[in-house]
Each structure stands twice: as structure tokens, then as C-alpha cells.
1. Somewhere in the range 375-389, is a residue of a type in the set (A, V, I, L, M) and either surrounded by fewer than 18 Cβ atoms within 10 Å (Cβ to Cβ) or more than 26 Å from Thr308 (Cβ to Cβ) (or both)?
2. Does the range 187-203 contain at least one residue that is farther than 21 Å from Thr129 by Cβ, hydroxyl-bearing (Ser, Thr, Tyr) and in a helix (DSSP H, G or I)?
3. From the set of residues in the range 261-282 that are of a type outside the set (Ser, Thr, Tyr) and more than 26 Å from Phe476 (Cα to Cα), which is surrounded by the fewest Cβ atoms within 10 Å (Cβ to Cβ)?
4. Only one of Ser303, Ser291 is under 20 Å from Leu233 (Cα atoms), in contact with an Asp or Glu (Cβ under 7 Å, 6 or more places away or on another chain) and not hydrophobic (A, V, I, L, M, F, W, C); which?
5. Write out, first by first residue and then by second, each pair whose Cβ atoms fall under 9 Å of each other, whose residues are 6+ apart or on separate chains, and whose first residue, in the range 467-485, is at negative phi while the second is exposed (fewer than 12 other Cβ atoms within 10 Å of the Cβ).
6. Hey, among the residues in the range 429-485 that are under 25 Å from Leu237 (Cα atoms) and charged (D, E, K, R), which one's surrounded by the most Cβ atoms within 10 Å (Cβ to Cβ)?
7. Go through the range 35-94 and give me each residue that's aromatic (Phe, Trp, Tyr) and in contact with a strand residue (DSSP E or B) (Cβ under 7 Å, 6 or more places away or on another chain).
Amino acid sequence: MILQNSHRMGKRSLLAFLLLVTASAWGGEGGFRECALTHPRLPKVVNAQCREFQVPLDYNRPQGENIQLHVAVVHASGKAPRADPLFFFAGGPGQSAVASTLLMWPVFTKVLQHRDLVLIDQRGTGKSTPLNCPVEESLELVVDDALLRRKTRECLERQQVDVRYFTSRQAVADVEFVRKALGYERINLMGVSYGTRVAQLVVREYPERVRSIVLDGVLPLEVIVGLDFAGNLSASLQKLFFHCAAEDGCREAFPALEEDWRHYLALSLDERRQLSMAHPRTGEPLALDVSRQGLDAAVRMLSYAGETRALLPLLIHAAAQGDWRPLLGQALQVMASLEGEMSEGMHNSVVCSEDAPFYGDLPPASNRVLGRFVRQIHILCEQWPRGESFADIHQPLQSDIPALLLSGEMDPVTPISYGEQALQQFSNGRHLVVPGQGHNVLPRGCVPELAAVFIHALKLDDKDAACVQDIARLPFFIDKLGPAS
């Protein structure tokens, strides 16, 4: 599971086609209408044009069942907009591109001076025939195999459509459908996290239609999602320990942070605690049954963004001392902020069709962080139908399309090495690493301006690109009051 800013847990488990007929063969529910892009955590409102298209569930059967595809367009603000818009693909798998747009708004503000912004809620997400799972009032922070099987079956039974047709393959065909329907000859692509897979597949299937591509938190096509999660998180945490030791306040507050982490990892994955605490946002009393696996997921979730990563030395130290509540409290805050933003069923359709079938021999369970994660995905996918995706989904592309690849130095899920690996696909590509940052660096510091310049000019000046070195990493919290003064 790869997201733009964090990993979802609790309330649920922890865990190219050519069009066969012209785009005009399927209509929309009326034409475009005025709509507003909003986000519950942000005061900003953006005016847009929205429309629901009816597209084939299965492009091999164009006269068969249709599904709804939700599209929003924000038109360029300049007087002479360019003919090639920017198409944005969100992460997850399972995030809505439309719903997450305002979180990325610093990036789009610059681009919109010259180009339209096109947002497609990928099928299965947002308002595009979402594959949502039942939401329960109770929080589940213990995951055992039987519970995972039951929750997956309940989610599958809720769906009213054939979930096999909600993979990246159909998403790529939907992009081409929308491009034709809106009359754009060529387009620019921007993907974050899992969205980088979709963007690369669009380039592979329709290279003549793509002018440029920007990838943030790059997932190379060759990478099988899930197999590297434990190792990538462990490597990211080692960098965190290094940075803490190099920062006076953090080093003095937590002189044995790596020993704290080893003490935590010595706990069995089946270690369970019955905890009582107030919900950090609502104040509602909570009685939680928590396992170390649940705590692992909390660590992973909080390692994505710099704002929560700055808390991890304090939270890891508390957990190693036996107090799990501070770590869970922060995780619950992030969970609450993500409520309604993820489609778990769509995530399952992608991962169980494009990644889990390629796992081979499963690694043995271990006490390392996320030590049973791959096995749990395998169990989930035993319940979820394998869908219709590209047979060569993990074959790399070769392209001369101008490409800008972005990585955060501390990224726990798509590390720098992924960006370097993906760069080999692009003969006209460039890879920038943003020091001290985690997953999804596009909104950080000068990166929005760099992305806009690249999309406009198809290149970056070395002097301008050097500004990423000046993006500050947030200092670590040494106590509840914040960083050392």
C-alpha cells in the first residue's frame, strides 16, 4: 500500500488497451457543470468543471456494462493557455485524485497559469464507482489471519460490480478515453506514489500522446509492491536514527534511540496490550486491543511525512519504555484525517492483480518491523479475485519523453534507489533527491516552482534545481512541547 502522504490503518485491515470505438460512443451524464473542489481539513475552495462519463467496465466488451467515471477540470488562468493540459494521478492505490488535489495545490497553482488541470478519479475511487469497504465503529489494531479473511470477504460481498476490472490496465484506457473526449492532442502527466505506475503505463501504451512526465515518490514498473516494504521502512528508520544522533537536542534527549528500537523489535509480533485512552481529536474514551503488528503499521504511517516523522524518536522511546499510547495517539490523528479518502476495495483489486501473483516464495515471518506484512497481503488476495491487468505489468518502458523524477531522502516506501532505477527508462530524464524529506515531496519548498518550470520548458537549470538543498528538515521533538529551543 503506497499513499501520497500516509498509510491507512484501523477501522479496516492494515493492510494498454486501444479503445475499440471512438470516445464519443459513450456519453456523460449531461455536460460539464460548475463544481467546487474542497477538502475537510483546508479552508480553500477551487472552482472547477465536473462531469460523469459512462465508460465500459471491460473495454473488450464495449457494448457491455458501463460504470461511472468522475472527471474534474480546472481551467488555466492565463489569457493564452497551452493546448496540452496536466493530468494528475493520485497514490494509494485507492486515493481519489479529485479529493487530494487541494493537498497538492502549491504545485498546481504555478502550472495553472499556462495549462488546464485534468483530474480523473481513477475507477474504484472517489466518485468513480468506488469500491469502498464497510466501516465499523470499533477500531481494530490487532490483525490475525481469520479476521483479515473475514473483513476481506465482507468488503467483496458489498461490491455491486465485477472487481476484476479495476486495475491499472483499465485506468490507462480510461485516461485515453478522457483525453479523446476532451479533445486534447497531447498531455503532460504527473503522478505521485502508486500514481507514478499509472503515469508510466500511459507513456508505455500511448507514447505519442505524452509531452512530459513528472513522477514523485517513484514506483518503477519492475517493482512488485509489498516485497520491499519492511526493508525500505527499516532503512528509512536507520536514516532517522542517524539524523537524531547528529542533532544536539535529539541526541541528548534520546542517547540510546537505536537500542530503544532494538528493544521494541524484541517484542513478539503477537504481543498484545489492552489500552484505554481518549481519542486525540474527539476526546471520546477508547478501549483498544493493540498488537505489535498494529504498532508497526503506526510507525510506518508516521514515517511518511516530515511533520509526523519529527515525532518518531519521542514516540519510539516511549514505546520501548512500555507506553504505546503516544504512538497510537498520533496514528489515530492521522487516521482521522484520512477518513473517507481511501478506497480499500480498489487497492485490493490492483495489488491482488498486479503484485501478489508475483510474490513467489513468501519470506518467513519474523520479528522485524512489518515482519508478516507480505504474508497478510497474500492472505487478503486469496479472498479477492485476481483481475484483468497487463500481462507484462512489470516490464520497464524505454522513452525519450522529458521526465522529471523526484525522491525524498527519508522516504520509507519509495526510496532513492527506486528513482534511480526508474530513471534508466528515460533517455531524457532527470532525478532530483530532496534532502531530509519523506514521501511526496512535490509540495515542499521550491519543488512546486521547479515542477512548473520543467513542464513549461521541458528542462531544468542546474542552478535553479540546487534550491532543493535549502529545504529544511523539521527538527525532532524532544518532548510534548516540541523541539529543543
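The values are calculated or read from the model by the stated rules, or taken from the named source; none is laboratory data. Fair warning: this is a prediction, and the values are worked out from it, not measured in the lab. When we count neighbours, we look across all protein chains shown, and the Cβ atoms used for this are built from the backbone with ideal geometry, even at glycine.
1. The initial filter retains those residues of the range 375-389 that are of a type in the set (A, V, I, L, M), namely 377, 379-380.
From what is left, the residues that are either surrounded by fewer than 18 Cβ atoms within 10 Å (Cβ to Cβ) or more than 26 Å from Thr308 (Cβ to Cβ) (or both) are 379.
Among the residues of the range 375-389, at least one is of a type in the set (A, V, I, L, M) and either surrounded by fewer than 18 Cβ atoms within 10 Å (Cβ to Cβ) or more than 26 Å from Thr308 (Cβ to Cβ) (or both), which makes the answer yes.
2. Yes, the range 187-203 has at least one match.
3. If we filter the range 261-282 for residues that are of a type outside the set (Ser, Thr, Tyr), which is where we start, we get 261-263, 265-267, 269-275, 277-281.
Then keep just the ones that are more than 26 Å from Phe476 (Cα to Cα); that gives 269-275.
Values: Leu269: 20, Asp270: 12, Glu271: 15, Arg272: 14, Arg273: 18, Gln274: 8, Leu275: 15.
The extreme case among them is Gln274.
4. On the way: Ser303 fails: in contact with an Asp or Glu (Cβ under 7 Å, 6 or more places away or on another chain).
So the residue among Ser303, Ser291 that is under 20 Å from Leu233 (Cα atoms), in contact with an Asp or Glu (Cβ under 7 Å, 6 or more places away or on another chain) and not hydrophobic (A, V, I, L, M, F, W, C) is Ser291.
5. Hits for this filter: Ile478/Glu252; Ala484/Asp248; Ala484/Glu252.
6. Here the answer is Arg444.
7. Looking only at the range 35-94, we keep the residues that are aromatic (Phe, Trp, Tyr), and these are 53, 59, 87-89.
If the condition is that a residue be aromatic (Phe, Trp, Tyr) and in contact with a strand residue (DSSP E or B) (Cβ under 7 Å, 6 or more places away or on another chain), then Phe53, Phe87, Phe88, Phe89 are the ones that fit.
Conditions tested, residue by residue: (1) in contact with a helix residue (DSSP H, G or I) (Cβ under 6 Å, 6 or more places away or on another chain); (2) modelled with pLDDT under 95; (3) of a type in the set (S, T, N, Q).
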{"residue": "Gly217", "(1), (2), (3)": "no, no, no"}
{"residue": "Val223", "(1), (2), (3)": "no, no, no"}
{"residue": "Ser234", "(1), (2), (3)": "no, no, yes"}
{"residue": "Leu237", "(1), (2), (3)": "no, no, no"}
{"residue": "Phe242", "(1), (2), (3)": "no, no, no"}
{"residue": "Ala253", "(1), (2), (3)": "no, no, no"}
{"residue": "Leu257", "(1), (2), (3)": "yes, no, no"}
{"residue": "Asp260", "(1), (2), (3)": "yes, no, no"}
